[in-house]
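The values are calculated or read from the model by the stated rules, or taken from the named source; none is laboratory data. Only a predicted model underlies this, so the values are computations on that prediction, with no experimental measurement involved. Cβ sites come from the backbone with ideal geometry, for glycine too, and all protein chains shown count toward neighbours.
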Amino acid sequence: MNPTKPMRVLLVSDMHYTTEEMHEELVKRYPESCTCPAAGNAFGNTQAGKINILLSDILREHEKAPLDLVLVLGDLSVDDYSWRNLPENYCVKFRDEVMKKLPCPCYAIAGNHDSYPNDLWREMFGYDRQYAIVQDGVLFIMLDNFNNCPAKPGDGSGAHYSLADVAFLQETLAAHPGLPTFLCAHYFSEGGESEEFRRIVRENPQIVCLFHGHTHRNRAIPLNESFGNKTLVDIGGYGYNMRVVDQPNGKRWLDFNEFNTLWAWGYEMLEISPDAFRLYHHKPAHRYIATNGTFLQPDVISESFEIQR
């Protein structure tokens, strides 16, 4: 079955929206709170400023040619429910300040830092943490690979990785036979997924490719024969690039403001035509004020690649 019309889909991930106040400031007002080290300014922008840049970038992309769908692949926040105890819910803020302002449908899945149980997630977004979307004859399966919720107190990694739900995947594919299908998650572990998941991806011709965020990088990763030589696309992020420094006392210091050219600020585009699926990454022009200098990022659109239909 072919899509009913050409489509443009924007995928984005890892905004890590959180409080403007650093830990020492916030605990004066909220003694039970615990901020992430990434709180406060990021590369010369406030947290709200960072989110406004993202919204502007998406709206600018829509002005070039209308978007049919926006998919947010996790880490909307650094809420780490239920132990950071921030005074505001930043998943809800992201929903209201970005998702509700878009001129096309927009859906999100939870990342490791959006560790809300399913009932609370449904209350916030109106759908479960794991679900499927059919848009103009194309199926997007939104898998929840961080369902160990809530996050454990004090764990800066948030919810821990869980295997892809093969029962849900099989059930959803069976309900939509023949539709071109894209598997989306906050993260897929190339070496950690179950053999059954690999078999489903390998043997099901309607699965075109896989998308994930989490790494803050942008790559088209050719998977091996156990996945049917399909492609996993790393879509980048809008949060930060983290440098880990080991200290003499055995502790680790995190610098969330050191600029690294490997960090793929920006979003992934999927364009669907009758003949092919075209993918490319867009890094909008940006000025970074970092601990290792000031950097001017030009507007860069990566070389596209196509998967023939």
### Query
Within the stretch 41-75, which residues are over 19 Å from residue 21 (Cβ atoms) and of a type in the set (A, V, I, L, M)?
53, 54, 55, 58, 59, 65, 67, 69, 70, 71, 72, 73
### Query
Taking the stretch 265-279 as the region of interest, how many residues are buried (at least 24 other Cβ atoms within 10 Å of the Cβ), of a type in the set (D, E, K, R) and part of a loop (DSSP other than H, G, I, E, B)?
0
### Task
Just name the residue that is farthest from residue 230 (Cα to Cα) out of those in the stretch 196-219 that are in contact with an Asp or Glu (Cβ under 7 Å, 6 or more places away or on another chain) and either exposed (fewer than 15 other Cβ atoms within 10 Å of the Cβ) or of a type in the set (D, E, K, R) (or both).
217
### Top-ranked residue of the stretch 253-293 - restricted to ones that are in contact (Cβ under 8 Å) with a residue 60 or more places away in the chain and among the β-branched types (Val, Ile, Thr), ranked as nearest to residue 10 (Cα to Cα)
272
#### Entry: Residue that is farthest from residue 139 (Cα to Cα) [pool: residues in the stretch 280-309 that are among the polar types (S, T, N, Q) and in a strand (DSSP E or B)]
294
## Note on the structure
Matching residues in the stretch 27-37 (crowded, with 20+ Cβ neighbours inside 10 Å and either over 15 Å from residue 87 (Cβ atoms) or out of contact with any Phe, Trp or Tyr (no Cβ under 9 Å at 6 or more places or on another chain) (or both)) number 1
### Task
Mind listing just one residue for me: the one in the stretch 17-51 that is without any contact (Cβ under 8 Å) to a residue 24 or more places away in the chain and part of a helix (DSSP H, G or I) and, of those, nearest to residue 236 (Cα to Cα)?
49
#### Entry: Candidates 80, 68 - the one that is of a type outside the set (A, V, I, L, M, F, W, C), within 21 Å of residue 242 (Cβ to Cβ) and at pLDDT 95 or above
80
### Message
Quick check on residue 75: is it among the charged types (D, E, K, R), part of a helix (DSSP H, G or I) and either touching a residue at least 40 places away in the same chain (Cβ under 8 Å) or surrounded by 14 or more Cβ atoms within 10 Å (Cβ to Cβ) (or both)?
### Response
no
### Task
For the stretch 60-108, name all the residues that are within 18 Å of the chain's Cα centre (by Cα), among the charged types (D, E, K, R) and under 15 Å from residue 120 (Cα atoms).
79, 80, 93, 95
### Summary
If we ask which residues in the stretch 181-207 are in a strand (DSSP E or B) and over 18 Å from residue 109 (Cβ atoms), their number turns out to be 0
### Query
For the stretch 113-150, how many residues are in contact (Cβ under 8 Å) with a residue 24 or more places away in the chain, assigned to a loop (DSSP other than H, G, I, E, B) and within 29 Å of residue 60 (Cβ to Cβ)?
4
### Summary
For the stretch 234-253 the number of residues that are surrounded by fewer than 23 Cβ atoms within 10 Å (Cβ to Cβ), within 21 Å of the chain's Cα centre (by Cα) and among the aliphatic types (A, V, I, L, M) is 1
